[in-house]
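Structure first, then comments.
No lab work stands behind these numbers, since they all come straight from the coordinates. Treat the numbers as computed from the prediction; the structure is a model and nothing was measured. Cβ: placed from backbone, ideal geometry, glycine included. Neighbour counts: every protein chain shown.
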Amino acid sequence: MGSKPSNFLKRTMSDTPNILIIDDDPVIRNLLKKNLSVWDCDIHLGTSGQEAIDFVTKNSVDLVLLDIGLPDMEGYQVLKHIRRKTPDTLVIMVTGDVSVDSAVNALRSGAYDYLKKPFTQLELLKTIKNALDHKKAQKEHKETEEALQESEEKFRTLVSNIPGAVYRCALDADWTMYFISDAIEEICGYPASNFIENSVRTYASVIHPDDREMVEKTVYENTDQRKPFIIGYRVFHTDGTIRWVYEKGQAVFGDDGKVLWLDGAIFDITKTKQLEHQLIIRNKMLSLGRVAAGIAHEIRNPLTGINSYLYTLEDLCQSEAIETEDVQLMRQIVSQIQVASDKINIVIKRVMDFSKPGAPKMVLTNINESIEEAVKLSDVAMRKKGITIEKSLAQNLPRCYADPLLIEQVVLNLVTNAANAMKKTNGSKIIKIGSFSENNTLFIEISDSGPGVPLELKEKIFDPFFTTYEDGSGIGLNIVQRIVADHNGSIALDTSEWGGAEFRIELPIEKRMHPR
């Protein structure tokens, strides 16, 4: 830990940071304090987890250097308390364990970073500098947001310093303009004078007819609630093109409570929409590529086998005389070709089922009943595998519109997925299934005591044909995601209480016209 720090690390901090060092080794504690002496900072020392908790609870601390192995409790327990009580305090875990798991656990538990013993003074100071710079940036960002909110409240009727058309108009069918800035000409091609008091044309006339009702409804509904309105819609340009605009505005009320006018601003977001469209196309092409690669992988093996069998069969047919044992071999080859062909047919059927899923038959459903049916169907298979299923289903759940059979399929797929994940797990094998309601939403949670999903795979697990199992199809989780989406819900992956995988499904209690 003795190398000299570079010059940029020797500078005095503009704000004196408050740093707490917790380590039961006095040599490490004093060495950390000595290494930090190049900075103007307040340093406090402690030897136990309880000291850390007490100090952070009573004092404002910017950063804690926390040893993972403490005499009275694990550093992770201390970290959990700090994250809960003082979330603005950054924690850097110090450990002698050089394993990747140790680093991942530290970051997953909420630590800003970690240091592996032994470390140099330069490593220590760089890590602390990054943490304090991060904290400073967060503070500045928070102050900026607060200043912006204060500004918007103070000048709520006008949007200033924006490259768009600022306006003041009447709340009527024509959106009669009392004032509109010259920037409107860049948006729709017509000069601002055309719209003032509807001298040449109304602003309503340039709004796309398919969007006019939506614009009117949004403005009136928000005005009735005395809320700002934000709308995206299309307008016609004089060059014959259609432009996308983003409008933000708010009604101004008189002393009698009546609307005096609307103040707001209009932005041209056509380029943004075009980029969004290109991004959607790009993502579709990437998905198509992944699907194609998956199909190719599924078909390649049996197809290779068919080709090999055909070459062998061709050699046999070229013989001048076919012996009895050759006939038997031919029959075996034909049988093997049929097996390989059936495998290809199964893959094609799965693809067809995947590409043309049936529409859900939505009825008022008690999702607990679907969960119970799924548990009944899987219970015997789970017991044979030594897996215990624990249920925690909330009673008197509100009914929601859903397809009970598809919800049952979702639970079955996730239970099967959990069972596969625990094949090589030693110790207790547990699958926990829970349900509850909150904020007009139903939740289904399925967690396991397996190894969990590595960070690098979390973004891939819902991809079609992606699987980590030799005998897996890679379609199960993607079908689960699609069924949930068809119910206008969402599914997310987290870590279970045992460190395994936890899938959380959210389903709306009320009908929704569009998915989340």
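The label-point distance for Asp256 and Val334, in a model that sets each label 7 Å from Cα toward Cβ, rounds to 9.6 nm. Summarising the strand pairing of the stretch 363-508, around 80 percent of its internal DSSP beta bridges are antiparallel. Spin-label model, Asp342/Thr441: points 7 Å from Cα along the beta carbon direction are separated by 4.6 nm.
Taking 0.36 nm per residue of separation and subtracting the current Cα-Cα distance, fully stretching the chain between Glu323 and Glu276 would add 10.2 nm.
I need the calculated FRET efficiency for the pair Gln77 and Leu303, taking r as the beta carbon distance and R₀ as 51 Å, to the nearest 0.05.
Details: r = 55 Å, r/R0 = 1.09.
Computed FRET efficiency for Gln77 and Leu303: 0.40.
Near Lys135, which aspartates and glutamates are there with a Cα under 20 Å away, not counting those fewer than 8 places off in the same chain? By straight Cα distance, Lys135 reaches Asp15, Asp40, Asp42, Asp62, Asp88, Asp113, Glu123, Glu143, Glu145, Glu146. Ranked by the mean number of other Cβ atoms within 10 Å per residue, highest first, peptides 392-405, 435-448 order as 435-448, 392-405. Where a ≥ b ≥ c are the square roots of the eigenvalues of the C-alpha gyration tensor, would you call the stretch 354-464 rounded, which needs a/c under 1.5, or, failing that, prolate if a/b is larger than b/c, or oblate? Note, shape of the stretch 354-464 comes out prolate.
Packing order of peptides 477-490, 185-198, highest average first: 477-490, 185-198 (average count of other Cβ atoms within 10 Å over each peptide's residues). The modelled label-to-label distance between Asp494 and Glu150, using points 7 Å beyond Cα along the C-beta direction, is 3.6 nm. The charge dipole of the stretch 165-268, taken about the Cα centre with unit charges on the Cβ atoms of Lys, Arg (+1) and Asp, Glu (-1), comes to about 160 debye, rounded to the nearest 20. Mean separation of Cα pairs under 8 Å and 6 or more residues apart, divided by the residue count, gives the stretch 7-152 a relative contact order of 20 percent. Computed extension length for Arg201-Glu213: 2.5 nm, one decimal, from 0.36 nm per residue of separation with the Cα-Cα distance subtracted. Annotation: peptides 422-428, 80-86, ranked by per-residue average of other Cβ atoms within 10 Å with the highest first, follow the order 80-86, 422-428.
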